[in-house]
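Scroll down for the structure; my scribbles are underneath it.
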Amino acid sequence: MEEIRKIKNIVIGAGPAGRLASFELGKLGEETLVIEKKYIAGTCLNEGCMVVCALTDISRFIRNFKRFSEIGFIDGNINFDYKSACDNVKKTQKFLRKLNQEENESVNNEVVYGEANVEINNENVEDRIIVTVKLDNENELQKEEYEGKETLIFEAENLLIATGARPFIPNIPGAEYALTSSDILNLEEVPPKLNIVGGGIIATELSNLFSSFGSEVRIIARSEILKDLEPEIKSYVVKKLIDEVEIHENTEVMEITENSLKTDKGEFEGKTLIATGRVPNSEIVAAIVDLNEDGSIKVNDFFQTSNQNIYAAGDVTGGITLTPYARKEGISAARNMAGYLNKFDEIIVPQSLTLDLDVSFTQKRDIDEDNENVEDIIIPGLGGPHAFWRILRGETGLTKVSLNSETEEIVRASQISPSSIDDTAYLAFLMNMGIEKEDFDDFLEVHPSTDAYYKILKIM
C-alpha cells in the first residue's frame, strides 16, 4: 500500500486558474502541491490563445506582404512551410512550460505530472480528501525523484479543482472524422479545403488563419456568427477581415465524412474542423460535489463547492471562459483557501478576436436598463502604427462607443485597430471605476496612436 502523504493544499490543473492559484498560495506561504495531467499553462499556451497568436503573426506577415505588393513597392514570392511553423511553436511552448514550472517552484510549490483521482474517505467520521495520482513519468518536466514509481497518494486539507474545459463535440454522425482546435499544430500541411463548424470567436479566428495560409475556408453556423459583436463591428469583420471566407449562417450539419461535410444546404468538400464551444472537465469530482445543469462545478462567492474544503475556479465552473478571468478567479480562490476571505465581484470584462486587425469589445452587464438613454458614436479607425498602409484602402478599422446621455457614462465600446486589445482593456478598467465622458477632458494621448476611444470621448 502506497504511503498517504498529508499536504495542506492541492491544486488539480495547472492552466490559467490553477497556475495562478498555486502561485498565489505559494506567495502566501501555504504548502501547495500542483497536479497537472499533461501540460502546465493549460489550453491557453498549449492549444488556444498563444497558438492563435503565434500563427496570426505569420498570417499578418503574409497579408502585409500581399498588401505591399499590390501597392507596388515590394516584389517577390513567399513560400510558407506550415509544419515548420508548427514545430517552432512547439519549441517555444516547451520553453515557456519550463518557465511556468520554475515560477511555481520559486515559491516552494511542488509540481507533479499525472492523472488525478479524487475520493472522500469518511471512515473516521470526518471527511478526508484523498487524491491518487497515476504518474506520467514520460513528461519531460517530471521530477527524477518519481522515477520508478507508478502512483502517489495524498490527503489534502483543501483542494482546488482547476481542470478547465475541452472542445465540445456535437452529436453529429461522422464527428470522429473532424478536427478540433486541439489538432491544428499536428497537421502535416494546410488543408486545401476546410469546413469550420461553429460561429464563435474560435471558429472566426481559425477561419482567418487558414484562409491566409491558402485554404478555401467555409464557416458553417447553425444560427448566426459572432452574436456578441455590435452589428457594425460584425459587418466590418465579415466584409474586410475575413472576406476570403465563405460564410453559411442558419445551416444545419447533417453528417461529416472523411473528406466532406453534408448540410441541409448541400455538401461541401474538404476536411471539417469543429469549433462549437467547450465543455467543462468536471468528471473528476462529479460524484462528490454539486454540478450546474451544463456540467460545470457549482461554486459560491468564495469558490467553495458543496464540500466546503473543495474549491473550483476557471473554465470548469462555467460562466465567462476567458484566460484573464480564470486567472482572477484562481487568485481569489487561493486567497480564500489560505483564510484571507474575499468575495469575487463581477466586473466589466474586455474580450477580443485575434484577426488581421485585433477586434476588442466590452460592455456593462446591466446595459439593458440603460437602452432608452444610450447614444452611439461611430468613427473610422485612425491612421498610425501598423495602420498607415491601410489608409488608401479604407481598412484602418472602426470604433464605436455607446454613452448614457443622462449619466455620460460609457456603457459599451468596440474597436477594430492594431491597438484595440490594450485600448479596450484599459477602457474596461476605467468603466469599472465609473468614469464619465468629461473625465477625458484632460486626457493626453501618446502620438501616433490608433486608439480612437480618446478621440470620441475627448473631442467629439
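The values are calculated or read from the model by the stated rules, or taken from the named source; none is laboratory data. Fair warning: this is a prediction, and the values are worked out from it, not measured in the lab. With ideal geometry, Cβ positions are generated from the backbone for all residues, glycine too; neighbour counts draw on all protein chains shown. Only protein heavy atoms, including side chains, enter the accessible area calculation; ligands, DNA and RNA are left aside. Shrake-Rupley method; radii C 1.70, N 1.55, O 1.52, S 1.80 Å.
If you line up the long axis of helix 16-27 against the longest principal axis of the chain, both from Cα atoms, how many degrees apart are they, to the nearest 10? Approximately 50 degrees, to the nearest ten.
With R₀ set to 30 Å, the beta-carbon distance separating S235 from V107 gives a calculated FRET efficiency near 0.05.
Among the GluC sites (Glu not before Pro) found in region 116-176, those both in a DSSP coil and sparsely packed, with 13 or fewer other Cβ atoms within 10 Å of their Cβ, are E123, E126, E138, E140, E147, E150.
Y177 exposes around 100 Å² of accessible area when a 1.4 Å probe is run over every protein chain in place.
Computed from the Kirkwood radius of its Cα pairs, the Stokes-Einstein diffusion coefficient for region 300-435 at 4 °C and 1.567 mPa s stands at 76 µm²/s. Using every Cα-Cα pair within region 1-106, state what percent have a distance larger than 17 Å. Result for the distance tail: 64 percent. For region 317-433, relative contact order (Cα pairs under 8 Å, six or more residues apart, normalised by length) works out to 26 percent. Distances between placed amide hydrogens fall under 5 Å for S260 paired with G270, all partners being 5 or more residues away or on another chain. Taking the C-alpha atoms only, the angle from helix 323-337 to the longest principal axis of the chain is near 30 degrees. Hey, if you drop one equal point scatterer on each alpha-carbon of region 262-316 and run the Debye formula without solvent, what base-10 log of I(q)/I(0) do you get at q = 0.13, 0.17, 0.20, 0.31 Å⁻¹? Result of the Debye calculation: -0.47, -0.59, -0.70, -1.30. Counting only alpha carbon atoms, the long axis of helix 201-212 and the longest principal axis of the chain meet at about 60°.
Summary value for the chain: 15 percent relative contact order, contacts being C-alpha pairs under 8 angstrom separated by 6+ residues.
Per residue, region 215-330 exposes an accessible area of 48 Å² to a 1.4 Å probe, with every protein chain left in place.
Computed over protein heavy atoms with a 1.4 Å probe, the carbon and sulfur contribution to the accessible area of region 125-216 reaches 46%. Which of the chymotrypsin sites (Phe, Trp or Tyr not before Pro) across region 338-411 are loop residues per DSSP, with 14 or fewer other Cβ within 10 Å? Answer in residue order: Y340. Using the rule -39500 (n - 2.57) for each DSSP H run of four or more residues, divided by the residues of the chain, the 222 nm mean residue ellipticity is -7500 deg cm²/dmol. Within the same chain, aspartates and glutamates fewer than 8 places from K227 are excluded, and of the rest, those with a Cα less than 15 Å from its Cα are E205, E249. Which of rounded, prolate or oblate describes region 164-247 when judged by the alpha-carbon gyration tensor and an a/c cut-off of 1.5? Cα axes put region 164-247 in the oblate bin.
Fully extending the segment from L96 to E3, taken as 0.36 nm per residue of separation minus the present Cα-Cα distance, adds 30.1 nm. Spin-label model, I379 to A286: label points 7 Å out along the Cα-to-beta-carbon direction sit 5.3 nm apart.
Looking only at region 333-355, which residues have a backbone nitrogen under 17 Å from a spot 7 Å from the Cα of D127 in the C-beta direction? Backbone N within reach: 337-338. Pull up the cross-link candidates among the lysines for K38, meaning alpha carbon to alpha carbon under 17 Å and not fewer than 8 places away within one chain. Of all the lysines, those that pass the test against K38 - Cα under 17 Å, at least 8 places apart if same chain - are K90, K91, K94, K98, K134, K143. For q = 0.09, 0.14, 0.15, 0.18 Å⁻¹, what log10 I(q)/I(0) does region 42-178 give under the Debye formula with an equal point scatterer on each alpha carbon and no solvent? Calculated log10 I(q)/I(0) at the listed q: -0.51, -0.95, -1.02, -1.20. Working note: Cα gyration tensor of region 236-345, eigenvalues times five, square-rooted, sorted largest first, giving semi-axes of 40, 18, 10 Å. A Förster radius of 22 Å combined with the Cβ-Cβ distance from H447 to R393 puts the calculated FRET efficiency at roughly 0.45. Annotation: amide H of G277 within the under-5 Å range of F168, sequence separation 5 or more or interchain, hydrogens built in the peptide plane. Taking GluC sites (Glu not before Pro) across region 259-308, the ones in a DSSP loop with at most 14 further Cβ atoms lying within 10 angstrom of their Cβ are E293.
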